[in-house]
1. Quick check on packing: order 113-121, 1-9, 83-91 by the mean number of other C-beta atoms within 10 Å, highest mean leading.
2. So what are the ³J(HN,Hα) numbers for the stretch 103-108, from phi and the Karplus equation (6.51, -1.76, 1.60; θ = phi - 60°), rounded to whole Hz, Gly and Pro as x?
3. Of S154, S12, how do they rank once you tally other Cβ atoms within 10 Å and put the fewest first?
4. Grab the Cα-Cα distance for A85 and E13, subtract it from 0.36 nm times how many residues apart they are, and report the gain in nm with one decimal.
Amino acid sequence: MYAKILVTLDGSEFALDALAEVARLAGPESTVELVEVVDSVGQIVARTTSTGLGFDGADAGLATADQAIAAQRDAAYEELRAVAARLATTGVALVNCNVLEGQAGPAIVEFAESAGVDVVVIATHGRSGMVRAVFGSVSDYVARHARPPVMLVSPAAGPLPDETGEHVREEAPDEVTS
């Protein structure tokens, strides 16, 4: 059992697969820190303009970016609250919901350090080869840079059991790094 567990979520079904491991790792006194990372203003502006802030109507662009971040943040908190409720059905009582801004990998590593977590649980998307090279891997970044141990959960791991106890996990996690 771990006292403080960080779980990363990204809105995908793959990320929810990690919840089965969290339920197994957490004890009645454990604190679970749910984390989702949303875009920063700089990321949105960089993706939507060819020259960043150097365009006419920069103020309007920033206002739109702020609105997009607010919408992402609201959606992330809604998802995290739903996940916290699911974890509560497994006996995990203390769950904190955290929405961070910025690049996912560095934001997660920084939060893990500042929150003093004992373990990071993160789902992999199962990408390999060229797709992984092009899109990168948040789980790989976290595993290489985080100080606490990192448990990587593969997409085949399966979801958190529901109220009836169905959907039980059949495979062990991919790996634990330290």
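Laboratory data are not the source of any read-out in this text; all were calculated from the coordinates shown. All values derive from a computational prediction rather than experimental measurement. We place every Cβ from the backbone using ideal geometry, glycine too, and count neighbours over all the protein chains shown.
1. Values: 113-121: 18.1, 1-9: 21.2, 83-91: 15.4.
The most tightly packed comes first, giving 1-9, 113-121, 83-91.
2. With the stated coefficients, the stretch 103-108 comes to 6, 4, x, x, 5, 5 Hz.
3. Values: S154 19, S12 11.
The order, fewest Cβ neighbours first, is S12, S154.
4. Working: separation 72, 0.36 × 72 = 25.92 nm, distance 1.64 nm.
Using 0.36 nm per residue and subtracting the Cα-Cα distance, I get 24.3 nm.
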